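Student: Take a look at this one; I'll ask things after.
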Amino acid sequence: MKEVTFIRQNIEKWRGYENIAEAPAISTPDEVADAYIDVTSDLAFAQTHYPHSRINRYLNNLASAIHNNIYRNKRERWTRIFTFWTQEVPQTMWDARRELRLSFAIFLFSALVGMVSQLIDPEFSRLILGNAYVEMTIDNIENGEPMAVYDGSPEGTMFVGITMNNIYVSFITFVMGIFTSFGTGFILFQNGVMIGAFQTFFAQYGLLWDSALAIWLHGTIEISAIIVAGAAGLAMGNGWLFPGTYTRLYSFRRGAKRGLKIVMGTVPLFVVAGFIESFFTRHTGWPDALRLSIILLSLAFIIYYYIVLPYLRHHGTTTVTED
């Protein structure tokens with residue numbers, strides 16, 4: 001059967017199932033169960049005959065929504081705390097891989113804007129970072145302690161403050177998706193320009209290598225988590241802007257649920273990044289090889305968890321994923 005024929009024969013039925021997914025209370029349990037069985041059967045057929053078609057994603061999302069309604073009141077096992085990070089977050093990241101690429105592109109572009117702006121106008125950093133911070137940093141450089149900003153508070157106090165602030169920033173990045181994808185994009189742009197200008201500022205003082213080792217010791221995880229949070233916000237915003245075959249409200253709710261799962265998954269990353277910044281970054285006398293190793297290990301973890309593992313999870317199973 002041709003794909004277009006398959007879709008034409010079933011599209012009205014699927015739209016009826018969308019109503020069941022959106023408002024399960026109007027259907028009997030048997031109707032919900034029958035809808036789930038029928039959709040998963042169609043999904044298996046589509047995966048077999050049209051493996052690269054977008055219809056697979058549509059049917060998977062529809063089946064997931066019905067599945068969630070069936071098990072809405074099911075008591076969760078304590079192992080859910082592990083499967084959330086080992087299975088649910090990676091699968092959700094696979095579904096949001098386009099948003100992740102877009103979030104990274106926005107951040108990279110804005111970092112380049114910050115870098116070029118600082119190169120053109122050395123005073124640009126004052127506009128972005130504030131006069132007081134820039135003057136303090138210049139004083140530290142003149143005193144031979146350019147990274148002294150990371151050694152200004154006790155480790156424990158600094159850890160709590162930094163971690164809470166980073167988690168706050170990630171949730172703001174996500175929540176701004178309420179104002180469509182442009183809200184999240186604006187937050188990503190702000191942070192990208194800041195890091196681009198900040199790194200270039202040190203480079204202009206001949207401290208590119210020293211500053212990079214200090215900034216990216218914790219920043220590899222921290223900045224990556226902000227980019228991931230950006231993907232969460234874009235997922236919610238795109239649900240509102242591009243509802244597809246769903247109603248706009250239902251599509252927004254789906255995007256918000258997916259985004260919330262993603263941003264919740266970043267919390268441990270910010271805890272680790274806060275710990276590194278508070279307890280490790282201040283030790284600028286540590287061997288460069290050691291600090292570079294921590295940076296590379298952090299980068300390897302980010303790539304594996306947010307890119308490789310989602311790919312493996314998706315291609316290693318044909319079961320329906322929770323939406």
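Student: Taking the conditions exactly as written (under 20 Å from residue 184 (Cα atoms) and open to solvent by 70 Å² or more (accessible area, probe 1.4 Å)), does residue 297 satisfy them or not? Walk me through it before giving the result.
Tutor: Working: under 20 Å from residue 184 (Cα atoms): no; open to solvent by 70 Å² or more (accessible area, probe 1.4 Å): yes.
Answer is no for this residue.
Student: Working carefully through the options 73, 69, find the one that is at pLDDT below 80, among the polar types (S, T, N, Q) and surrounded by 14 or more Cβ atoms within 10 Å (Cβ to Cβ).
Tutor: On the way: 73 fails: surrounded by 14 or more Cβ atoms within 10 Å (Cβ to Cβ).
One residue alone meets the criteria, 69.
Student: Residue 289: open to solvent by 30 Å² or more (accessible area, probe 1.4 Å) and small (Gly, Ala, Ser), yes or no? I'd like the intermediate steps shown before the answer.
Tutor: Values: open to solvent by 30 Å² or more (accessible area, probe 1.4 Å): yes; small (Gly, Ala, Ser): yes.
When the stated conditions are applied, residue 289 passes them.
Student: Give me the residue from the range 124-139 that is farther than 10 Å from residue 193 by Cα and open to solvent by less than 30 Å² (accessible area, probe 1.4 Å) and, out of that set, farthest from the chain's Cα centre (by Cα).
Tutor: 138
Student: To continue, here is another question. Exactly one condition in (1) closer than 25 Å to residue 283 by Cα; (2) more than 30 Å from the chain's Cα centre (by Cα); (3) not aliphatic (A, V, I, L, M) is not met by residue 121; state its number.
Tutor: Residue 121 satisfies all of (1) closer than 25 Å to residue 283 by Cα; (2) more than 30 Å from the chain's Cα centre (by Cα); (3) not aliphatic (A, V, I, L, M) except (1).
Student: Tell me, please, whether a residue that is β-branched (Val, Ile, Thr), over 26 Å from residue 285 (Cα atoms) and under 13 Å from the mean Cα position of the chain (by Cα) can be found in the range 174-185.
Tutor: Within the range 174-185 (the criterion being β-branched (Val, Ile, Thr), over 26 Å from residue 285 (Cα atoms) and under 13 Å from the mean Cα position of the chain (by Cα)), the answer is yes, since at least one residue qualifies.
Student: Within the range 146-155, take every residue that is part of a helix (DSSP H, G or I) and hydrophobic (A, V, I, L, M, F, W, C) and give me the one that is least open to solvent (accessible area, probe 1.4 Å). Walk me through how you get there before you give the answer.
Tutor: Step one: list which residues in the range 146-155 are part of a helix (DSSP H, G or I), which gives 148-151, 155.
Those left that are additionally hydrophobic (A, V, I, L, M, F, W, C): 148-149.
Numbers: 148: 27, 149: 45 Å².
Selected residue: 148.
Student: In addition: Can you pull out the residues in the range 97-115 that are open to solvent by 70 Å² or more (accessible area, probe 1.4 Å) and touching a residue at least 12 places away in the same chain (Cβ under 8 Å)?
Tutor: 102, 104, 108, 109, 112, 115
The values are calculated or read from the model by the stated rules, or taken from the named source; none is laboratory data. Keep in mind that this is a model prediction, so the values were computed, not measured. Please note: Cβ atoms are built from the backbone with ideal geometry, for glycine as well, and neighbour counts cover all protein chains shown. Note: areas computed on protein heavy atoms with side chains; ligands, DNA, RNA excluded. Shrake-Rupley method; radii C 1.70, N 1.55, O 1.52, S 1.80 Å.
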